[in-house]
Amino acid sequence: MPKMKTHRAAAKRFRVTGSGKIKRAQAGKSHLLSSKRRDRKRRLRRTVILHSAEEKRVLALLPYA
């Protein structure tokens, strides 16, 4: 059986932690930043854990994660 291909777009957006959870970056940090408060922009820098309802879909795109 041939090797499965990783979905490259998903591989660039998600990282799997040591415990098997999926990390993602937060949206809303690319433009229109002047109207957002500085503490909000600072919070958006952090990564967050993907919600459990979405995990199955993302892991299907990352077969070797």
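Rule-based calculations on the coordinates, nothing more; no lab input. What you are looking at is a predicted structure, and each value in this text was computed from that prediction instead of being measured. Neighbour counts are summed over all protein chains in view; Cβ atoms, including those assigned to glycine, are modelled from backbone coordinates with ideal geometry.
Things worth noting here:
To keep it simple, each residue is scored yes or no on (1) among the aliphatic types (A, V, I, L, M); (2) in a helix (DSSP H, G or I); (3) under 16 Å from the mean Cα position of the chain (by Cα).
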| residue | (1), (2), (3) |
| --- | --- |
| 4 | yes, no, no |
| 15 | no, no, yes |
| 28 | no, no, yes |
| 34 | no, no, no |
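- For segment 38-53, the set of residues classified as free of Cβ contacts under 8 Å to residues at least 12 places away in the same chain and within 13 Å of residue 21 (Cα to Cα) consists of 51, 52, 53, listed by residue number.
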